[in-house]
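> Quick one: the structure is below, and I'll ask about it shortly.
The values are calculated or read from the model by the stated rules, or taken from the named source; none is laboratory data. Since we're looking at a predicted model, the values are computed, not measured. Backbone-built Cβ (ideal geometry, glycine too); neighbour counts: all protein chains shown. SASA here: full protein model, heavy atoms, side chains in, ligands and nucleic acids out. Shrake-Rupley method; radii C 1.70, N 1.55, O 1.52, S 1.80 Å.
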Amino acid sequence: PAIAKDAKVALPRIVAWTDMGSTAAIVGGFTLGFWLYSSLAQLLLLIVVLNVVSTLMAMACRFPSDIRRSEGPIESLRGFFRDSIRVKKDRLAWGSLLGLGCFQGLVTAGSGTLVTQAVDPNHASHSAAISALMIVCGGVALGCMIASLQPHIRRCLGLVSLGSLGLILSQIWMAMTMDQQGIPPWTPILLLGMMSGLINAPLRASYQAAVPEDARGNAMAIMYAVLYIITALLAGLMILLIDSGWLTTPQTQMWFLTGLGVVGAVLAWKWLLGPTFDLFAEWMLFPMYRIRAHGPGSDLIPTKGPVLLIANHSSYVDPFWIGKIVPRKLTPMMTSRFFDLRFIRWLMVHVVKAIRVEASGFRREAPELQEAISALKEGKCVLLFPEGILRRKEEPILRQFGQGVWHILREVPQTPVVVLWIEGGWGSYASYKDGPPFKNKKIDRRRPIDIAVTEPQVIDPSLLEDHRTLRAYLMQQCLNARTILGLEVPEIETGTTSDSESEHTTTS
């Protein structure tokens, strides 16, 4: 994480590049070992040179943003156990760690036969086993390279779901095609390595991003402890089943591991359905839009704790565009006219977990406001369009903000607020320009969508005393965000939203 921050590179890419380099280096080490196998002196010299070079490079590394704790040996040991409890309490960190441990144990147990034959130079399949391990490592490097193409810390977890399906396919393929010595063809081995890279890098990145900043060193020690404990437990189970006569051949062992892989894939899809959906949505939107974030707040959106995002609303696709640039899960407030569409409703309820806003006239009760307040109190990131209605005309470009945002912030006044301006939505396929959205229009092709992001701010308590003051202030902040994109800032127009036009008068 410190490298990612200092180098201004997404953490998933840093982790994927590191894992890619590690596995590629293993292949290179095997190759050099074979090349210099006949000359022990040259091999030892090469090892010494590589150690000296790597040590000097490590000594030259500096991580300015890393947080160090001044602790003695005894206090450090206590800190390890305290940090273990802190990691356990973080649902994302603990879930990523358990998933990573189970995956690591599964792959390690599956490669046990190859390792056994590779370390025995007298075994008949010694060379074939070493070649297979090199192919696996090469596949992992390739999978990590593919994983590095997804820099989003949340959406990269969608690769775990997809990778789990590919892992099962490779396991079935290997079980059906391996010879009596347990050596499968190189194609399923390569596929196994690629899927391992797709799973391993996102889980490691997610874990490192979730752990407390002052506990990163202990968190890595905790990670490796859990990985080796789970691997040892699974290895012990395999030995017990083999000694009991249940798994007597490499094929039966692989089928057993395939069954465990199926269980893991089911759990991955259940727990990571949201990030997987976001990943598919990004792929679907990629041919249509070029989404870019601008401004000082684009790198400052809090990754933990409550956050309220406020933006103008010119297209039905606004939440997906914002989700592309925000490094965490969104809880959008969405009007029932979109929420209740066929199939969309299932996604909103079970995947996106959006807050439904009733599209009607004046209402005395607005339960969605309490849902938003509860979500913020739980530390979630809520997306609100305070206009309460999709833009319908060229002018005004921004309607008056409603009272809903005031009701929310009055209950959670310490919530950081991030104001955004979306440029490019008006006139898109999902906007009201030149007709209703999605009707009688050409589908957008790589349409530029620029999103200005202001720095997070906690609203001054004096602004919360009157709803008109707060609404005017946030409207002006939203319009001022246009300057980040080099756009003019028009004057605020009042009285532009009537009750008959409002899709949600109570919130707006």
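> From Cα coordinates alone, what are the radius of gyration and Dmax values for the range 187-262 in angstrom?
Spelled out, the Cα radius of gyration and Dmax of the range 187-262 are 16.2, 49 Å.
> Sorting TYR37, TYR207, TYR432 by accessible area (1.4 Å probe), largest first, what list results?
TYR37, TYR432, TYR207
> In the range 1-128, if every C-alpha pair distance is counted and binned at 10 Å from zero, what percent goes to each bin?
For the range 1-128, the pair-distance distribution reads 9, 21, 32, 26, 12, 0.
> Report, in degrees rounded to the nearest 10, the 0 to 90 angle that the Cα long axis of helix 40-60 makes with the longest principal axis of the chain.
The answer is roughly 20 degrees.
> Would you mind working out the magnitude of the charge dipole of the range 341-473 relative to its Cα centre, with +1 at each Lys and Arg C-beta and -1 at each Asp and Glu C-beta, to the nearest 20 Debye?
860 debye
> What order do MET288, MET333 take when sorted by accessible area (1.4 Å probe), most exposed first?
Greatest to least solvent exposure: MET288, MET333.
> Could you give the angle, 0 to 90 degrees to the nearest 10, between helix 73-89's Cα long axis and the longest principal axis of the Cα atoms of the chain?
Approximately 60 degrees, to the nearest ten.
> Now for a separate question. Please give me the summed charge of the neighbours of GLY323: other residues whose Cβ is under 12 Å from its Cβ, Lys and Arg +1, Asp and Glu -1.
In short, +2.
> Convex hull over the Cα atoms of the range 239-357, averaged projected area in nm²?
12.1 nm²
> Solvent-accessible area of TRP269, probe 1.4 Å, all protein chains present, reported in Å² to the nearest ten, please.
Roughly 70 Å² of TRP269 is accessible to a 1.4 Å probe.
> Under a straight-distance cross-link criterion of Cα-Cα below 30 Å, which lysines are reachable from LYS441, leaving out those fewer than 8 residues away in the same chain?
LYS324, LYS353, LYS393, LYS433
> Suppose accessible area is computed on protein heavy atoms with a 1.4 Å probe; arrange GLU368, GLU488 from highest to lowest.
Greatest to least solvent exposure: GLU488, GLU368.
> Using protein chains only and a probe of 1.4 angstrom, how many square angstrom of LEU56 are accessible, to the nearest 10?
Its heavy atoms expose roughly 110 Å² to the probe.
> For the chain, what does the helix formula give at 222 nm: sum of -39500 (n - 2.57) over DSSP H segments with n ≥ 4, over the residue count, nearest 500 deg cm²/dmol?
Theoretical 222 nm ellipticity from helices: -18000 deg cm²/dmol.
> Any idea what angle helix 91-110 forms with the longest principal axis of the chain, computed on alpha-carbon atoms, 0 to 90 degrees, nearest 10?
30 degrees
> For the range 300-376, which semi-axes, largest first and in whole Å, follow from the square roots of 5 times the eigenvalues of its Cα gyration tensor?
Semi-axes from the Cα gyration tensor: 21, 16, 13 Å.
> Once the whole set of protein chains is in place, how much accessible area is left on TRP17, using a 1.4 Å probe, in Å² to the nearest 10?
Roughly 120 Å² of TRP17 is accessible to a 1.4 Å probe.
> Now for a different question. Only sites in a loop by DSSP and with at most 12 other Cβ atoms within 10 Å count here; which chymotrypsin sites (Phe, Trp or Tyr not before Pro) in the range 316-357 make the cut?
PHE343
> Oh, and also: On alpha carbon coordinates alone, what is the Rg over Rh value for the range 405-487, Rh being the Kirkwood radius?
1.10
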